[in-house]
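Input: a single structure, listed below in structure tokens.
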Amino acid sequence: MRAALLIQRWYRQYVARLEMRRRCTWNIFQSIEYAGEQDQIKLYNFFGYLMDHFTPASSERNLISHIFRENNICRNVDWERYFCYKSIEQLHSRYVLQLLGETWRLLRILPNISQISTCHSKEITICGDLHGHLEDLLLVFYKNGLPSSEKPYVFNGDFVDRGKDSLEILLILFSFLLVYPNDVHLNRGNHEDHIVNLRYGFTKEVLGKYRLHGKKILKLLQKIFSWLPLATVIDNKVLVLHGGISDTTDLHLISRVDRHKYVSALRPPKRKRQNRSGMTDSDLEDDDPTAKPVDSSRRRVHSLTHSSSTGTRHEVQRRSLQGLNNRVTCSVEEELKERRRQAGLSQSYGDLRNSLANSDSDPDSGELLESYGDEWKQIVDMLWSDPMPQDGCVPNEVRGGGCYWGPDVTEEVLRRHNLTLLIRSHECKQEGYEFCHNRRVLTIFSASNYYEVGSNRGAYIRMGPDLVPHFIQYQANRATRALTLRQSVGRTERSALRALREKLFAHKSDLISSFQEYDPENTGLISLGHWACAMEAVLRLGLPWRVLRTQLVGDTLDGMLDYHLWFRELSITEPNTELSNASLLETMYKHHSNLETIFRIIDTDNSGLISFEEFRQTWKLLSSHLQTEISDEAISDLAVSIDFNKDGSIDINEFMEAFRLVGGDLLQNEGDPH
């Protein structure tokens, strides 16, 4: 008995340690993921700021103006003509465009909120995020059966990005949607957004697979994403949507929204007030066959250039990225808060209308700063929000969009709409699903091995007429099935620590500056407590640094850390470059995702190449976004050093690969820690 008790106690401690390591690993992956999403939203809001505050003629504004043309409301006949596939000889592109065109036509007649019902003879299957993991989708079909009138499915958004087979997933799901329009239901996710796709891989995937007609395919997919339904209700009792809700969620309002206006949910569309003739832009566009698409991004600029003071107008017109006043040079965080305020994310809609009424737009110009604040907030909340254990509803500062909502909000929204359960996705869960809020909210995630092989299971739900969810879990990668728990945790942990160490190295200068604040005598030594404080102050990842210390810090001298030696021991291999500007290299390492996003925005013809001048303007945009100075000389040296074939242009993919950080023997002292 004593021996059995000793073994039992040892085993419990062993499992507890593994679970602690697994949770720390999970925190690392999730913190880095959410920090990237927040960074993307900040960058996009910065672009929006430029569009709103620069004159139409400014080069910086023209450089990024085309990314906002998604708000143009184009007549249907023009889209039919633009996406005509009959003249295309390439087999795959022809049928892809044909399939996407038919999907777009079908989606346009669907409601914002799909209503479906169960019966005694069939169950409804609900799948969460797939994120380009085709093997997960095929495994679900293998285990559960193909979609049909007897096997209805709800796919809850985030079909694309991160994985390598996003387009194949879309084509399969759209095909089943066309064959079984009453039994296959697709909800929109926050990654069904072309601005998000610029950063997380779907844009690159489509252009790589369809070099000749990739641009047309992407444009049509933008329209399709904007027409995807926003939610599904099962038997009038179960609400299925991608992200979540807020204390202002109103399904009646959502059901009336013109959802196709929100091609990107990151920026609300702006509309014009009626002009003197009583006609709006959309009136003119529908009635006048010669009317051109409306560039809604011009409206704010128009109101600025028609301000009452001629001196002010001239001042606005001569602004540049390097010479903005205090208002324009406010931080991206402040700008993001201001946009939230303008959109009603932190105030009532009445206050929003009052603030818009007091804006500086010219009432006689026919222009209006007004945005669809209340309905836009509803859509952002549905796509971006996450549940939290505490009561209340607060802005989601971690992701940068949507909100955190508590159990009290869940109870109120479900009661108000006579619902019993909310099913959502949007968050990766280790077991593929998770209940919260007294089992009134259920998260389902269908992409297994999302962060790393063995990091998580995928799952889907079967729900019959009793509306009780039954879960089926799986691992799509066969290799993970042979791993023990210890091997799986160790493998995932090594991957997470590798990603974290690369992030530490990319913030080397900021970290050293923070360490030196705790080292006034410049000894090169700081305490481990100060090390943990500095790490969080710089990286803002919300990680348990004291717990992670054993994984990140080796030997210490009487509890003091030599931080210069510590950086050398990170064992990050720098790419081979001829560039001597260390600060520029570090900026590139730290913000390579932002840099790639800007590159793909500037690459208007989707050729994968940008000129030296476009390269220079890319860096100017990035330096303005970061509020740092990067000299023209340094940029020119960088451009010359990476133009390997000396043709005067830069290959985006080669550039990003050449300057990517590479992990060396990162885990030489780790092994598989107990």
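The values are calculated or read from the model by the stated rules, or taken from the named source; none is laboratory data. Values in this document were obtained by computation on a predicted structure and should not be read as measured data. Here Cβ is always computed from backbone atoms with ideal geometry, including for glycine, and neighbour counts include all displayed protein chains. Heads up: the accessible areas ignore ligands, DNA and RNA and are worked out on the full protein's heavy atoms, side chains in. Shrake-Rupley method; radii C 1.70, N 1.55, O 1.52, S 1.80 Å.
A 1.4 Å probe run over the protein chains yields, for segment 102-234, 33 Å² of accessible area per residue, whole-number rounding. For W227, the solvent-accessible surface with a 1.4 Å probe is about 40 Å², rounded to the nearest 10.
Within the assembled protein chains, the solvent-accessible surface assigned to H133 is about 20 Å², based on a 1.4 Å probe. Heavy-atom surface analysis with a 1.4 Å probe gives segment 375-429 a carbon and sulfur content of 56 percent of its accessible area. For segment 478-521, the solvent-accessible area of protein heavy atoms averages 52 Å² per residue (probe radius 1.4 Å; ligands and nucleic acids excluded).
Pairs of alpha-carbon atoms within less than 8 angstrom and 6+ residues apart define the contacts here; what relative contact order does segment 161-264 have, in percent? In percent, rounded to a whole number, it is 30. What the Kirkwood sum gives for segment 387-452 is a hydrodynamic radius of 12.8 Å, with every pair of different alpha carbons counted.
Pair-distance distribution of segment 133-234: all C-alpha pairs, bin width 5 Å, starting at 0; shares per bin in whole percent are 2, 12, 22, 25, 19, 12, 6, 1, 0.
Using 0.36 nm per residue and subtracting the Cα-Cα separation, the extra length available between E412 and V640 on full extension is 76.0 nm.
Across all Cα atoms of segment 190-267, the radius of gyration (one decimal) and Dmax (whole number) stand at 15.2, 47 Å.
Note on H92 and D632: the model spin-label points, each 7 Å out from Cα along the C-beta direction, lie 4.4 nm apart. Return the ratio Rg/(2.2 N^0.38 Å) for segment 413-518, where Rg is computed over Cα atoms only. Cα-based Rg divided by the globular estimate yields 1.51.
Computing Rg and the Kirkwood Rh from the Cα coordinates of segment 479-538 gives a ratio, Rg/Rh, of 1.21. Distance from the C-alpha centroid of segment 440-491 to that of segment 9-46: 17 Å, rounded to the whole angstrom. Based on the convex hull around the alpha carbon atoms, segment 1-46 presents an average projected area of 2.8 nm².
With every protein chain in place and a 1.4 angstrom probe, the accessible-area ranking of E102, E375, largest first, reads E102, E375. Using a Förster distance of 56 Å, how high is the FRET efficiency between T550 and L138, based on the Cβ-Cβ distance and rounded to 0.05? With R0 = 56 Å, the Cβ-Cβ based efficiency is 0.90. Taking the accessible area of segment 125-164, probe 1.4 Å, and keeping the other protein chains in place, the carbon and sulfur fraction comes to 58%. In plain terms, the chain from Q8 to Q473 could stretch by 164.6 nm, reckoned as 0.36 nm per residue minus the Cα-Cα distance.
Taking max minus min of the alpha-carbon positions on each principal axis, segment 443-576 gives extents of 71, 32, 31 Å, largest first.
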